[in-house]
Amino acid sequence: MTSFIHSPVTLITIFHADINMHVCVKYFSLIKDITGKESECFELPERATAGKLVEKLTEKYPKLKEISEEVPILVIVGETVAGEDTPLSEDAEIAVIPPVSGGSSVSIREEINVEDVMRSFLSAYMDEEGAVAVFIGRVKGKVGDVCVKKLIYEVYEPLAQRKLAEIAQKLQQKYGLLRIEIHHAKGEKKPGDTTALIIASANIRSKALKAVEEAIERIKKEAPIWKLEVRDDGEYWIVGDGKRINRTKVR
C-alpha cells in the first residue's frame, strides 16, 4: 500500500479513556470525500479495536454513518481486512475504505446479519453479473436423535482472517468470479443461528455455484476455526471432516 502523504493532519481524541496510543489512518475513495482528508491521526486507548474506530468515525462524520447503512465500511490493518474485534496498534498501517468494485471481502464476527450483508452485496450490481450463489450455514438443533444446545466457535483470528482472504482470492482467480464474500461467526451460537455466509457472483451460474461449494470445503479444512458442540449427551469437539471427539476423553 502507498505511504502516508506528508501533509498536515488533525490530531483528534476520539476516546475518553486513558490515552496511550497514537495511530494514523488513511482514507480512500468515497471515505476520503466524506472526511475531506486523505489521512487523519487519532489518540486511542491501548486496546482500541477496528470496530470501535468505525463507531467513532461514524459519530464524527454523520454522512459516513448514512453510507455505512448501505455499504460496509472496511478497516484494513496491514494487508488484512480487520474484524470488529481486531486490535489496533501504533505501528500498524491502517486504512478505512468502502468495498472495492469487484474483488473479495471477508470477516469474522460475533453476529452475521444476513439481510444487511445481502442487501449490500445485491445493491452493488455489476453489469456482467448473471448469477449470485449463496450459502448460509446454521446451527443444527439435532444430530441424529440427540438435541444440540449450542455450538461454540473458537477462532485464531489473525490467521483465520488471512486464510479466508486467501481462499476468497484464489477462488476468484480460479473461477473468474466478479465478487466473493466470506463471513464466519465466532463465539457461542444457538440452534438456528447463522454461522457462515458465503456469496459469489459470476457471469454464469456454474462458476458461482462451484466457487461456493469449494469455499465451504476449504474453510472446513484450512481455516483455524474450531467447533465445540454442546448437546444433551455431552460436549464434543468437531474436527476434520466432522469427526466428533468427546471432550471428557481429552480432559
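Using r as the Cβ-Cβ distance of Lys190 and Glu217, and R0 as 30 Å, what FRET efficiency do you calculate, to the nearest 0.05?
Rounded to the nearest 0.05, the efficiency is 0.75.
If you restrict to DSSP beta bridges whose two residues both lie in the chain, what percentage is antiparallel, to the nearest 5?
Working: 48 of 61 bridges.
Of all bridge pairs located within the chain, approximately 80 percent are antiparallel.
List, in the order given, every pair from Lys32/Lys220; Lys65/Lys174; Lys63/Lys189; Lys65/Lys190; Lys65/Lys150; Lys170/Lys220 whose Cα-Cα distance in the structure shown is over 27 Å.
Details: Lys32/Lys220 37 Å; Lys65/Lys174 36 Å; Lys63/Lys189 34 Å; Lys65/Lys190 30 Å; Lys65/Lys150 34 Å; Lys170/Lys220 16 Å.
Checking Cα-Cα distances, Lys32/Lys220; Lys65/Lys174; Lys63/Lys189; Lys65/Lys190; Lys65/Lys150 exceed 27 Å.
Pairs of alpha-carbon atoms within less than 8 angstrom and 6+ residues apart define the contacts here; what relative contact order does the chain have, in percent? The partial results should precede the final answer.
On the way: 486 pairs, mean separation 42.7, N = 251.
Worked out over the chain, it gives 17 percent.
Estimate the FRET efficiency between Tyr61 and Lys249 by the formula 1/(1 + (r/R0)^6), using the beta-carbon distance for r and 35 Å for R0, to the nearest 0.05. Spell out each step's value before the answer.
Details: r = 53 Å, r/R0 = 1.52.
About 0.10, to the nearest 0.05.
How far apart, in nm, are the 7 Å Cα→Cβ label points at Asn203 and Asp85?
With each label point 7 Å from Cα toward Cβ, the separation is 4.2 nm.
Express in nm, to one decimal, how much length is gained between Cys41 and Asp116 on full extension, taking 0.36 nm for each residue of separation and deducting their alpha carbon distance.
Values: separation 75, 0.36 × 75 = 27.00 nm, distance 3.01 nm.
My answer for the length gained is 24.0 nm.
Tell me the Rg and the Dmax, in Å, that the Cα atoms of the chain produce.
Both quantities, over Cα of the chain: 19.9, 65 Å.
Please list 3J(HN,Hα) in residue order for the range 34-40, calculated via the Karplus relation 6.51 cos²θ - 1.76 cosθ + 1.60 where θ = phi - 60°; whole Hz, with x for glycine and proline.
5, 7, x, 9, 8, 7, 7
Provide, in order from the shortest bin, the percent of all Cα-Cα pairs of the range 11-97 in each 5 Å bin, continuing until the bin that contains the maximum pair distance.
Result, from short to long distances: 3, 15, 28, 29, 19, 6, 1 percent.
Could you work out how far helix 114-123 tilts from the main Cα principal axis of the chain, as a 0 to 90 degree angle to the nearest 10?
Between helix and principal axis, roughly 60 degrees.
Could you check the simple spin-label distance between Asp233 and Tyr125, using points 7 Å along Cα→Cβ, in nm with one decimal?
5.0 nm
How large is ³J(HN,Hα), in whole Hz, for each residue of the range 46-55 in order, when computed from phi with the Karplus curve 6.51 cos²θ - 1.76 cosθ + 1.60 and θ = phi - 60°, using x for Gly and Pro?
Karplus-based 3J(HN,Hα) across the range 46-55 equals 4, 9, 4, 10, 4, x, 5, 4, 4, 4 Hz.
Under 8 Å for C-alpha pairs, at least 6 residues apart: give me the relative contact order for the range 103-249, rounded to a whole percent.
33 percent.
Every read-out reported here was derived from the displayed coordinates using simple, explicitly stated rules and does not represent laboratory data. What you see is a predicted model; the values in this text were computed from it and never measured. Methodologically, a virtual Cβ is constructed for each residue, glycine included, from the backbone with ideal geometry; neighbour enumeration extends over all protein chains shown.
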